[in-house]
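S.K.: Sharing a structure here in structure tokens format.
The values are calculated or read from the model by the stated rules, or taken from the named source; none is laboratory data. No experiment lies behind these values; they were computed from the predicted model shown. Don't worry about glycine lacking a Cβ; one is built from the backbone with ideal geometry, like all the others, and counts go over all protein chains shown.
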């Protein structure tokens, strides 16, 4: 495992380039939204629900790295928009479980389709070697995203 804490100029430059590229690409992907009325945080919560399944607001707050009161507000906004439903927790009636609605799932699918098409168009401008390197890097980037 590389130790970059005392990184030389080359390592520092590589980390800086990676951070910058990932942030710029992420911002550009966020602009490919289906529903402009949703904030990036609201979209992220819906994505987390789609990926991980139903969750309590507290679990969502931990996964999204926000404070529980903020998640309560986000969930209320999503519920008002018809994108999530709240149901009693099966074991703790004091809590609620948040689940995406069919409308949210359809919107996420369309969003994924649009973003994938946009990214595929960009990838079409790469050389075969660049595309191979990017395919090989995808699992590593996913690992970093999950750490």
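S.K.: Give me a count of the residues in the stretch 82-103 that are within 23 Å of residue 30 (Cβ to Cβ) and buried (at least 16 other Cβ atoms within 10 Å of the Cβ).
M.R.: Of the residues in the stretch 82-103, 5 are within 23 Å of residue 30 (Cβ to Cβ) and buried (at least 16 other Cβ atoms within 10 Å of the Cβ).
S.K.: Restricting attention to the stretch 22-36, and to residues there that are in a helix (DSSP H, G or I) and under 17 Å from residue 120 (Cα atoms), which single residue is modelled with the lowest pLDDT?
M.R.: 30
S.K.: Could you list, in sequence order, all residues of the stretch 40-51 that are at pLDDT 85 or above and in contact with a helix residue (DSSP H, G or I) (Cβ under 8 Å, 6 or more places away or on another chain)?
M.R.: Matches in the stretch 40-51: 41, 42, 43, 44, 45, 46, 47, 48, 49, 50.
S.K.: Being surrounded by 12 or more Cβ atoms within 10 Å (Cβ to Cβ) and out of contact with any helix residue (DSSP H, G or I) (no Cβ under 6 Å at 6 or more places or on another chain) is the filter here; which residues of the stretch 65-77 pass it?
M.R.: Hits for the stretch 65-77 are 66, 70, 73, 76, 77.
S.K.: Right, residue 61: surrounded by 11 or more Cβ atoms within 10 Å (Cβ to Cβ), without any contact (Cβ under 8 Å) to a residue 40 or more places away in the chain, out of contact with any helix residue (DSSP H, G or I) (no Cβ under 6 Å at 6 or more places or on another chain) and on the phi < 0 side of the Ramachandran plot or not?
M.R.: For residue 61, the condition - surrounded by 11 or more Cβ atoms within 10 Å (Cβ to Cβ), without any contact (Cβ under 8 Å) to a residue 40 or more places away in the chain, out of contact with any helix residue (DSSP H, G or I) (no Cβ under 6 Å at 6 or more places or on another chain) and on the phi < 0 side of the Ramachandran plot - is not met.
S.K.: Going by the conditions given, is residue 6 surrounded by fewer than 16 Cβ atoms within 10 Å (Cβ to Cβ) and either modelled with pLDDT of 90 or more or closer than 30 Å to residue 123 by Cβ (or both)?
M.R.: So residue 6 fails the test.
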